[in-house]
Each structure stands twice: as C-alpha cells, then as structure tokens.
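Colleague: What follows is a single structure, and I will ask about it in a moment.
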Amino acid sequence: MAFVVKDSKRHIQPLRLALAGPTNSGKTLSALFIAYGITNDWKKIVIIDTERGRAEFYSERDDLPHAVGAFKHIDFAPPYSPKRYKEAIKAAVSAIGDDGVVILDSFSHAWFGQGGVLQIKEDISKKPGKNSYTAWEEASQIQNDMIDEIFSIPCHLICTMRAKMAHVIEESATGKTTVRTVGLEPVQRNDLPYEFDITLMLDKDTNEFQIMKDVTILRNLDWEGPATPELGKIIFEWLGTGERLDNLKGNMLKREQEELRALATSSETANKLFKSLVKDKKIADMDITEIRAVTARIQEYLG
C-alpha cells in the first residue's frame with residue numbers, strides 16, 4: 001500500500017489524559033473536575049471504578065472545592081483482566097456517547113491487580129516451554145491490544161494511576177524538618193505515560209500537579225493550583241477549536257472576572273470584604289493572580 005503525503009492540519013481530537021499520584025493526592029476528584037469542564041454535563045461522565053465504589057463518595061456533593069453532580073458509575077470488581085477492561089470501556093462509551101468523558105479509575109489494576117497483566121505473565125511462564133523471560137512477549141501483546149482498543153474510543157478518556165511513593169525530608173526557612181510523600185512514577189508499564197496527550201503527577205499534600213508529558217497547551221498556561229473544571233474547559237476549547245494561547249488566557253481571565261463579580265455581589269458581607277481587599281481597584285484592572293487571591297480570601301471567610 002502506498003503512503004500518502006499531505007499537508008498537516010490541526011483537527012478536533014478526543015483528549016487522552018493520565019493523572020498519577022500517591023494515595024489521597026486527589027486523582028479521582030481532579031478527574032471529575034476536568035471531565036465536567038469538558039462536558040458541562042455530569043450525565044456525560046462515567047467512572048469505571050476499580051476502588052470498591054469509592055468514586056461514588058463524591059457524587060452529589062456541594063462541600064468540595066467545586067460542586068459535583070450525579071455522574072454515571074460502573075463498579076468494576078476483580079478480576080482486572082485486560083478483556084474485562086475492554087468490556088467495561090465499551091459499556092461506558094455506550095452510556096455517554098461520543099461527546100462524553102470516560103474516567104478509568106484506576107488503570108493500575110490492569111497491571112498489578114488480580115487477573116492483570118503481571119498475573120497473566122506469571123501464568124504464561126508456568127506453561128511447558130515457557131519461562132519468566134519468554135512469557136513477556138505474549139503478555140506484552142495482551143497489554144498492547146488492550147491499550148490500542150481503549151485508546152481508540154471516540155470520546156474523551158481520563159485514566160488515573162497509582163504512583164510509586166517515596167518519602168522526602170524537607171527543611172523550611174525556619175529550620176523545621178518535615179517529611180513529605182511524593183509520587184515517583186505511575187504504577188503501570190513504564191512506557192504507558194507517554195501514550196497520553198497529557199500526563200500529570202499529583203502532589204499528596206497540595207493536590208497540585210507537575211507535568212510529566214504535554215503535547216497540548218497546558219505547559220503554556222502558567223496554571224497555579226489543583227485541577228478544576230476551568231482547566232478542563234480550557235483544554236477542551238483548545239482541542240476543539242484550535243484557539244490561540246492568548247485567546248485562551250483571555251477567556252480564562254474573563255470567566256474568573258465574572259465569577260469574582262458574582263461572588264462579590266452575592267451578599268452584603270461578601271461585598272464589604274471585597275471592597276476592603278481591593279480598595280478602589282476595579283476587577284477589570286486586576287490580573288488573574290490577584291483575582292484568584294481575592295476570590296480565595298472571600299470564599300475562605302464565607303466558609
């Protein structure tokens with residue numbers, strides 16, 4: 001078959017995003033926030049939950065940094081075989097359609113869990129004529145087939161993965177020593193993070209992220225803080241429309257200006273606090289860092 005050479009052109013593509021991190025680093029909630037920013041519809045989000053139904057703890061909550069509605073849920077009990085992952089993905093896509101988001105929470109179980117690739121490899125190695133080394137060829141093909149099928153779905157995909165952890169000793173400016181848990185790398189095959197458009201490592205203490213890989217606009221956003229629906233919306237705008245970076249930043253600023261205006265006029269107390277924080281400065285003259293700082297102060301005060 002002859003190869004076709006053509007001019008390159010940006011076109012709309014579904015997102016492939018990975019979120020890795022230690023326990024309690026905010027993987028599931030970050031995935032939900034980003035997914036909602038993409039869809040603006042909780043019914044267009046489905047979680048394939050390998051964590052004994054824990055994702056449902058976040059359903060219909062208004063006490064979180066951002067409200068969470070009722071999303072769709074698949075309780076994925078063991079065995080965590082690649083075959084069952086493919087079946088779960090197919091069911092998820094059928095439930096939400098091509099414009100939804102599938103959250104695979106977590107993809108690590110397909111590697112180390114009961115029935116996962118590592119167990120498959122061990123079972124193959126026990127067959128006549130096989131050993132631990134030669135079994136990898138067959139097990140790797142099973143892994144590759146699973147990844148190819150999962151990544152070929154028409155809708156957006158967010159995968160969470162556990163991270164191998166390390167404890168780092170840090171000393172503050174005052175000389176106080178603390179021990180912090182950090183994620184080293186995702187618990188999956190070591191080349192999997194590079195299959196995604198974006199791979200993020202979340203911090204256990206702050207839920208903020210470090211970028212491991214990004215081929216989209218994320219590195220240029222100067223994003224501060226944990227993942228939010230706003231972040232998902234910005235990524236989606238870039239994926240879907242090819243928006244320029246300056247347009248995206250401008251849209252982000254406008255939305256946060258509107259949110260601050262709404263918050264400042266939500267009550268007399270909020271309005272007084274707003275005026276005390278900004279003095280005579282207008283919201284339109286504030287940069288995004290100032291807006292976020294004032295918004296956070298008001299929200300913290302109002303509880």
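The values are calculated or read from the model by the stated rules, or taken from the named source; none is laboratory data. These numbers come from a predicted model, not from an experiment. Here the Cβ is made from the backbone with ideal geometry for all residues, glycine too, and neighbour counts use every protein chain on show. Keep in mind that these areas ignore ligands, DNA and RNA; they rest on the heavy atoms of the full protein, side chains included. Shrake-Rupley method; radii C 1.70, N 1.55, O 1.52, S 1.80 Å.
Colleague: Mind checking which of L19, Q210, P186 is farthest towards the positive end of the chain's charge dipole, using Cβ charges of +1 (Lys, Arg) and -1 (Asp, Glu) about the Cα centre?
Modeller: Sorting the options by dipole projection puts first P186.
Colleague: Once R0 is set to 41 Å, what does the formula 1/(1 + (r/R0)^6) return for the Cβ-Cβ distance between F151 and D285, expressed as a FRET efficiency to the nearest 0.05?
Modeller: 0.35
Colleague: State the number of lysine pairs found in the range 1-157 whose Cα atoms come within less than 20 Å, restricting to pairs 8 or more positions apart or on distinct chains.
Modeller: Lysine pairs meeting the criterion: 13.
Colleague: Need the full-extension length gain, N190 to V5, defined as separation in residues times 0.36 nm minus the C-alpha distance. One decimal, nm. If you can, show how the numbers build up before the last one.
Modeller: On the way: separation 185, 0.36 × 185 = 66.60 nm, distance 3.27 nm.
Net length gain for the segment: 63.3 nm.
Colleague: What's the extension gain from S267 to Y301 if we count 0.36 nm per residue and subtract their Cα-Cα distance?
Modeller: Details: separation 34, 0.36 × 34 = 12.24 nm, distance 1.25 nm.
Here the segment from S267 to Y301 would lengthen by 11.0 nm.
Colleague: Another question, then. Picking from L29, S125, N40, whose Cα lies most toward the positive end of the charge dipole for the range 1-134 (charges on Cβ: Lys, Arg +1; Asp, Glu -1)?
Modeller: So the residue furthest toward the plus end is S125.
Colleague: Considering only DSSP states other than H, G, I, E and B, which GluC sites (Glu not before Pro) in the range 38-82 qualify as loop sites with at most 16 other Cβ atoms within 10 Å?
Modeller: On the way: sites: E51, E56, E60; in loops: E51, E60.
Sites meeting the loop and neighbour criteria: E60.
Colleague: Would you check the accessible area of R189, probe 1.4 Å, heavy atoms only, in square angstrom rounded to 10?
Modeller: Spelled out: R189, probe radius 1.4 Å, area about 40 Å².
Colleague: Hey, if you put +1 on the Cβ of every Lys and Arg and -1 on every Asp and Glu Cβ in the range 66-164, which of G115, S140, V93 ends up farthest toward the positive end of that dipole?
Modeller: Checking the options against the dipole of the range 66-164, the answer is G115.
Colleague: OK, next. State log₁₀ I(q)/I(0) for the range 1-142 at q = 0.13, 0.18, 0.21, 0.22 Å⁻¹ as given by the Debye formula over alpha-carbon point scatterers of equal weight, solvent excluded.
Modeller: Relative scattering, expressed as log10 I(q)/I(0), comes to -0.70, -1.02, -1.22, -1.30.
Colleague: Computed over the Cα atoms, what is the radius of gyration of the range 110-160 divided by 2.2 N^0.38 Å, N being its residue count?
Modeller: Ratio of Cα Rg to 2.2 N^0.38 Å: 1.34.
Colleague: Could I ask something else about it? Evaluate the distance, in nm, between pseudo-label points positioned 7 Å from the Cα of K275 and of F57 along their respective Cα→Cβ axes.
Modeller: Each label point lies 7 Å from its Cα, and together they span 4.3 nm.
Colleague: Let me ask something else. Would you check the accessible area of T23, probe 1.4 Å, heavy atoms only, in square angstrom rounded to 10?
Modeller: Only protein atoms counted, so the area is about 80 Å².
Colleague: Please report, in cubic angstrom per residue, the volume enclosed by the convex hull of the alpha-carbon atoms of the chain. Spell out each step's value before the answer.
Modeller: Details: hull volume 54.6 nm³, N = 303.
Considering the Cα atoms of the chain, their hull volume per residue is 180 Å³.
Colleague: Something else about it: Determine the gain in length on full extension of the stretch A293-S140; use 0.36 nm per residue of separation and subtract their C-alpha separation, reporting nm with one decimal.
Modeller: 50.3 nm
Colleague: Could you rank K281, K121 by how accessible they are, 1.4 Å probe, largest area first?
Modeller: Reading off the accessible areas and sorting them downward yields K281, K121.
Colleague: Further question: Give me the accessible area of D75, 1.4 Å probe, in Å² rounded to the nearest 10.
Modeller: Answer for D75: close to 100 Å² accessible.
Colleague: Which values, in whole Å and largest first, are the semi-axes of the equivalent ellipsoid of the range 209-303 obtained as the square root of 5 times each eigenvalue of the Cα gyration tensor?
Modeller: 28, 14, 11
Colleague: About the Cα centre of the range 95-139, what is the dipole size in debye to 20, counting +1 per Lys and Arg Cβ and -1 per Asp and Glu Cβ, all else neutral?
Modeller: 420 debye
Colleague: Right, another one. Could you give the size of the charge dipole of the chain about its Cα centre, using +1 on the Cβ of each K and R and -1 on the Cβ of each D and E, expressed in debye and rounded to the nearest 20?
Modeller: Around 180 debye, computed over the chain.
Colleague: Looking at the chain, send over the antiparallel percent of its DSSP beta bridges, to the nearest 5.
Modeller: DSSP beta bridges in the chain are roughly 40 percent antiparallel.
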